[in-house]
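What follows is a short report on a single structure.
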Amino acid sequence: MIETRRLGPELLGAYLDFFDGQAFRDNPEWSACYCNFLHADCSVRSWQTWTAEENRSAVVARIEAGRMPGLLAFAGDMPVGWCGAGPMTGFRALAGEAREDPERLGYITCFVVAPDWRRQGIARTLLRAACDAFREDGLLMAEANPRPRAESDADNHYGPLGLYLSEGFEVWREDPSDGSVFVRKVLS
């Protein structure tokens with residue numbers, strides 16, 4: 001049985017165990033991110049210059065302050081998956097995105113599932129939990145930006161388009177610059 005929990009200071013150890021350990025075991029070149037990408041201040045310097053230590057430290061501070069939006073999936077006491085998800089206004093990199101009523105929009109940024117736990121419904125469980133959390137927070141709509149042409153699990157870190165469509169999301173906009181689509185779901 002997989003259980004999801006919203007990230008808070010009490011889950012800092014589990015988050016670090018996951019990201020320091022199995023999260024990127026098969027994709028080590030991404031292990032420096034710690035899901036800090038959409039939070040990092042890239043107006044000061046480019047994302048490529050942020051080190052693993054800087055990202056980890058920034059995420060630790062954000063978790064300790066209760067400002068790191070997302071959910072962890074657990075198999076027993078072991079973290080096996082992550083979904084970055086929260087109000088759109090909580091992601092620095094999305095601040096320039098034009099949206100109607102962004103403070104009522106939940107945004108799903110990424111999924112990371114441990115290699116041994118993939119294709120067992122973890123991402124679906126996290127997606128459903130993220131939408132439930134959005135509803136609890138009074139958000140009216142969920143949005144994500146999957147890459148339909150993703151060719152690997154790593155490329156699919158925004159979540160597979162088919163997953164979103166099967167959970168009631170609809171494509172509302174395409175981005176020809178990178179081949180991605182934006183999907184949305186009204187939360188009721």
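The values are calculated or read from the model by the stated rules, or taken from the named source; none is laboratory data. None of these values were measured; they are calculated from a predicted model. All Cβ positions, glycine included, derive from the backbone under ideal geometry; neighbour counts span all protein chains shown.
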Can you tell me which condition Arg99 does not meet? The list is (1) part of a helix (DSSP H, G or I); (2) more than 16 Å from the chain's Cα centre (by Cα), and all the others hold.
(1)
Specify which of the listed residues (Asp116, Asp132) is free of Cβ contacts under 8 Å to residues at least 40 places away in the same chain, closer than 18 Å to Gly159 by Cα and of a type outside the set (S, T, N, Q).
Asp132
Quick test for you: out of Gln22, Gln48, pick the one residue that is over 27 Å from Glu143 (Cα atoms) and not small (Gly, Ala, Ser).
Gln22
Hey, can you tell me all the residues within the stretch 35-47 that are in contact (Cβ under 8 Å) with a residue 24 or more places away in the chain and more than 21 Å from Glu64 (Cβ to Cβ)?
Cys42
Does the stretch 78-96 contain any residue that is assigned to a loop (DSSP other than H, G, I, E, B), more than 26 Å from Asp20 (Cβ to Cβ) and at pLDDT below 95?
yes
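Every residue, every condition in (1) assigned to a loop (DSSP other than H, G, I, E, B); (2) under 14 Å from the mean Cα position of the chain (by Cα), yes or no:
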position: Phe19; (1), (2): no, yes
position: Cys35; (1), (2): yes, yes
position: Gln48; (1), (2): no, no
position: Val59; (1), (2): no, yes
So which of Glu10, Glu29 is modelled with pLDDT under 95, over 16 Å from the mean Cα position of the chain (by Cα) and part of a helix (DSSP H, G or I)?
Glu29
Just to verify a result, which residue in the stretch 131-188, among those that are part of a strand (DSSP E or B) and among the acidic types (Asp, Glu), is nearest to Phe111 (Cα to Cα)?
Glu143
Evaluate the stretch 22-34: report whether one residue or more is of a type in the set (S, T, N, Q) and in contact (Cβ under 8 Å) with a residue 24 or more places away in the chain.
yes
Index of the failed condition, Ile108 passing every other in (1) in contact (Cβ under 8 Å) with a residue 60 or more places away in the chain; (2) within 12 Å of the chain's Cα centre (by Cα):
(1)
Please verify whether the stretch 105-122 includes one or more residues that are in contact with an Asp or Glu (Cβ under 6 Å, 6 or more places away or on another chain), under 20 Å from Asp20 (Cα atoms) and not in a helix (DSSP H, G or I).
no
When you scan the stretch 102-116, do you find a residue that is at pLDDT 90 or above, in contact with a helix residue (DSSP H, G or I) (Cβ under 7 Å, 6 or more places away or on another chain) and of a type in the set (Ser, Thr, Tyr), even just one?
yes
Taking the stretch 170-185 and keeping residues closer than 15 Å to Met88 by Cβ and touching a residue at least 24 places away in the same chain (Cβ under 8 Å) leaves Phe182, Val183, Arg184, Lys185
Counting only residues that are among the acidic types (Asp, Glu) and buried (at least 20 other Cβ atoms within 10 Å of the Cβ), how many does the stretch 130-188 have?
1
